[in-house]
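**Q** One structure is given below, represented as structure tokens, and several questions about it will come after.
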Amino acid sequence: MTARAGEQPPTIAELATRQSSSLQILRSPYIFQSVGRFIAMSNVAEMVTATEAAALAMVDVRKVHRIFDEQILPTALIRDGERRLVACDAVALVGFYFRNDQLSPEARRLVINIIASQGRTGAIRRLWAYRNRPRPVALGHGVTADLSGFFREVEQRKRELNRARDMVHTDPAILGGSQPVIRNTRIPVYDVAAAVEAGTSLAEIVTSYPDLSEEQVHLAVLYARVEPPRGRPRQRLADRVPRDGRLIASGRMPRPTIQPPRRPETVEG
């Protein structure tokens, strides 16, 4: 789109109106998802918590809360109640808004408006279309925005998060069930995450915990970020590892058990 001689270039608002009216959307009022040999239809968006959205978008959770406070995403894609929820397909827009450094905040808001306008159903349809058939978003004057990388990252992080949750479990026979541990080990998942946060190298961690792979260490960090310890606020994960400390424990080392005191024997007279 170019301006003729003597004409002023269109404003961002005008570009938004033109682009929104000319954007081709899916004709079907449903989102189609393959389930086995059948096709399931759904117009209900999957929602994730602010903590999950931050992990999937690879941003700080405080930035996700800005989405609500500054009305960056349309209200059709968020729920602001007792828990703040974000439509899972909209998480890519969160990553785009806070991690794209090539467009101005105004231009980034325009991109979000182009993709996620026209109510809840229309926004979900467009997000689904852009996720499955990525294409640049034209802003005018030859300027485009490519969000395909953000959609791919979110899909990859979703798969990693599922693997992280499958990797962790709580077993009453291990540590009395007091802490979630990495499956097939006695290693508390939060201890691994604390070591990473404290700056312990990956090589040192896998050497100290021979039962762990590098991928499990990565997944432990992701799990701890999305599923922080429950109960009263605890010491920051990184602070649980002493400064300049070294890991010397192994996941194979059994924890000591304490035997109850024996009763004194009585002698019958």
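The values are calculated or read from the model by the stated rules, or taken from the named source; none is laboratory data. The structure displayed is predicted, hence computed values, not measured ones. We place every Cβ from the backbone using ideal geometry, glycine too, and count neighbours over all the protein chains shown.
**Q** Within region 102-138, count every residue that is more than 17 Å from Ile72 (Cβ to Cβ) and hydrophobic (A, V, I, L, M, F, W, C).
**A** Residues flagged as more than 17 Å from Ile72 (Cβ to Cβ) and hydrophobic (A, V, I, L, M, F, W, C) within region 102-138 amount to 4.
**Q** When you look at Arg131, is it under 14 Å from the mean Cα position of the chain (by Cα), more than 21 Å from Val61 (Cβ to Cβ), assigned by TED's automatic domain parsing to the domain that holds Lys63 and of a type outside the set (Phe, Trp, Tyr), yes or no?
**A** no
**Q** Given the options Leu56, Leu15, name the one that is at pLDDT below 90 and assigned to a helix (DSSP H, G or I).
**A** None of the others qualify; the one that does is Leu15.
**Q** While we're on this one: Could you list, ordered by first residue, the pairs with Cβ atoms under 9 Å in which the first is in region 202-218 and in contact (Cβ under 8 Å) with a residue 12 or more places away in the chain and the second is assigned to a loop (DSSP other than H, G, I, E, B) and among the aromatic types (Phe, Trp, Tyr), at least 6 apart or interchain?
**A** Filtered contacts from region 202-218: Gln216/Tyr209; Val217/Tyr209.
**Q** So, one more: Here is a check on your reading of the model: is Ala164 touching a residue at least 24 places away in the same chain (Cβ under 8 Å), among the small types (Gly, Ala, Ser) and either assigned to a loop (DSSP other than H, G, I, E, B) or surrounded by 14 or more Cβ atoms within 10 Å (Cβ to Cβ) (or both)?
**A** yes
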